[in-house]
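Contents: one structure, followed by commentary.
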Amino acid sequence: MRKPDQGRAVRTSSRLLRRFLHILVPPVVLVLVGCGVGMAGPADQRVPLSPAPDSTQGGDTPGAQPAGVEPPSAGVSDGPASPASPQSAAADLKQSGDLPGWKQVFEEDFSAGDVPLGAFPGELYGTRWSAGYKDGTPDTAGQVSGGRSGYYPSKVLSVKDGALDWYLHSENGISMGAAPQPRIPNASANPPRHNSLLYGRYSVRFKADSLAGFKTAWLMWPDSGVWPRDGEIDFPEGDLAGVIYGAVHYPRPDGSDAFVKGESAAYYSSWHVATMEWSPGRVEFFLDGQSISASTTAPPTTPMHLILQTESCLTGCPLPETQGHVSLDWISIWTPA
């Protein structure tokens, strides 16, 4: 894999101005609330897929078969996180380079050029990205509804104006999302995959139209595929017409799923920088430089991989006429130094 900074195009003045303005905007005032049911449904009602495959566009494996429905569970909160230090806040809005305690291993700002709808990742991004699940793979809700919602990268993903774009919409009664994955350098061999890490720091700058019934669950999924035994970390998560939250899943003694949830007061309809730090014994979520939740309750301890899962909510939505976009401006990933 080529290094992230090779072959980068010079940014346009408009993108520079946008980043400059973003840094000047004061961070959103955030609060922590207990777990509960949001517009997208409770985070615990996960219907896990087996480990996400690469797409047919140069992927390693064919589409995975959906796993069974897990029983619902109740989430708990670890309580308020300590305020982010000025150093943490500044680092959270920084895109490039090593940070104290973290070594950068991946960076993408989609400045190599545009890719038309249905052609992602293509030649420009194929060495660094997979389109994820192949067309027709049921998403979380689709595994319950019999496929009335699913992943359709050929109808959803493109790169335009320096951002990865999800065109979320419905066709013929099927609501469509996509779950692309970065190809992060690593030494994973069992199973072999391009983006397996044990602990890491993941930061994204993103924005979404207000689209009730579509949601993000950008998550770390266990390489083993054994859920909830090996855990799950989600951030940013939530209905695109609602607020942004993070969740750390872990197993109860009886093997069922439980989770710790930290919720912000911020909505998807503005540009945000979301960062999750996964380290031994701790997971912390930052939004726009401020900590919204920190959990020490059974954080994952086995290798995981990042999936930018963008899909339909769990029950009877979205409406057929709902359509709009999610944009990923950049993503940066670090491993412990």
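Within region 107-147, which residues are part of a strand (DSSP E or B) and either closer than 30 Å to residue 334 by Cβ or open to solvent by less than 20 Å² (accessible area, probe 1.4 Å) (or both)? Hits for region 107-147 are 107, 108, 115, 129, 130, 137.
Under the condition of being assigned to a loop (DSSP other than H, G, I, E, B) and in contact with a Ser or Thr (Cβ under 9 Å, 6 or more places away or on another chain), which residue from region 148-172 is least open to solvent (accessible area, probe 1.4 Å)? My answer is 162. For region 223-261, the candidate set comprises residues that are hydrophobic (A, V, I, L, M, F, W, C) and either in a loop (DSSP other than H, G, I, E, B) or touching a Pro at 6+ places or on another chain (Cβ under 8 Å) (or both); within that set, the residue that is most open to solvent (accessible area, probe 1.4 Å) is 226. Count of region 282-331 residues, restricted to those that are closer than 14 Å to residue 218 by Cβ and of a type in the set (S, T, N, Q), is 3. Being more than 14 Å from the chain's Cα centre (by Cα), over 16 Å from residue 199 (Cα atoms) and open to solvent by less than 20 Å² (accessible area, probe 1.4 Å) is the requirement here; does residue 264 meet it? Answer is yes for this residue. Among the residues of region 207-222, are any at positive phi, part of a strand (DSSP E or B) and surrounded by 24 or more Cβ atoms within 10 Å (Cβ to Cβ)? No, there is no match, as no residue in region 207-222 is at positive phi, part of a strand (DSSP E or B) and surrounded by 24 or more Cβ atoms within 10 Å (Cβ to Cβ). So which residues in region 287-308 are touching a strand residue (DSSP E or B) at 6+ places or on another chain (Cβ under 7 Å), open to solvent by 10 Å² or more (accessible area, probe 1.4 Å) and either outside any loop (DSSP other than H, G, I, E, B) or not charged (D, E, K, R) (or both), if there are any at all? The answer is 291, 294, 296, 297, 298, 299, 302, 303. Given the conditions (1) part of a loop (DSSP other than H, G, I, E, B); (2) touching a Ser or Thr at 6+ places or on another chain (Cβ under 6 Å), and given that residue 194 satisfies all but one, which numbered condition is not satisfied? Against the list (1) part of a loop (DSSP other than H, G, I, E, B); (2) touching a Ser or Thr at 6+ places or on another chain (Cβ under 6 Å), residue 194 comes up short only on (2).
Every residue, every condition in (1) at pLDDT 95 or above; (2) on the phi > 0 side of the Ramachandran plot; (3) touching a His at 6+ places or on another chain (Cβ under 6 Å), yes or no:
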site: 113; (1), (2), (3): yes, yes, no
site: 126; (1), (2), (3): yes, no, no
site: 149; (1), (2), (3): yes, no, no
site: 153; (1), (2), (3): yes, no, no
site: 156; (1), (2), (3): yes, no, no
site: 159; (1), (2), (3): yes, no, no
site: 164; (1), (2), (3): yes, no, no
site: 191; (1), (2), (3): no, no, no
site: 195; (1), (2), (3): no, no, yes
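Considering region 267-286, and only residues there that are under 27 Å from residue 103 (Cβ atoms) and among the hydroxyl-bearing types (Ser, Thr, Tyr), the residue that is surrounded by the most Cβ atoms within 10 Å (Cβ to Cβ) turns out to be 275.
Within region 309-324, which residues are open to solvent by 60 Å² or more (accessible area, probe 1.4 Å) and not polar (S, T, N, Q)? Scanning region 309-324 gives 316, 319, 320, 321. Can you report the number of residues in region 128-160 which are farther than 21 Å from residue 114 by Cα and not charged (D, E, K, R)? Of the residues in that region, 15 qualify.
The values are calculated or read from the model by the stated rules, or taken from the named source; none is laboratory data. Quantities reported herein were computed from a predicted structural model and do not represent experimental measurements. A quick note on method: Cβ atoms are made from the backbone with ideal geometry, for glycine too, and the neighbour counts reach across all protein chains shown. With ligands, DNA and RNA removed, areas are computed over all heavy atoms of the protein, side chains included. Shrake-Rupley method; radii C 1.70, N 1.55, O 1.52, S 1.80 Å.
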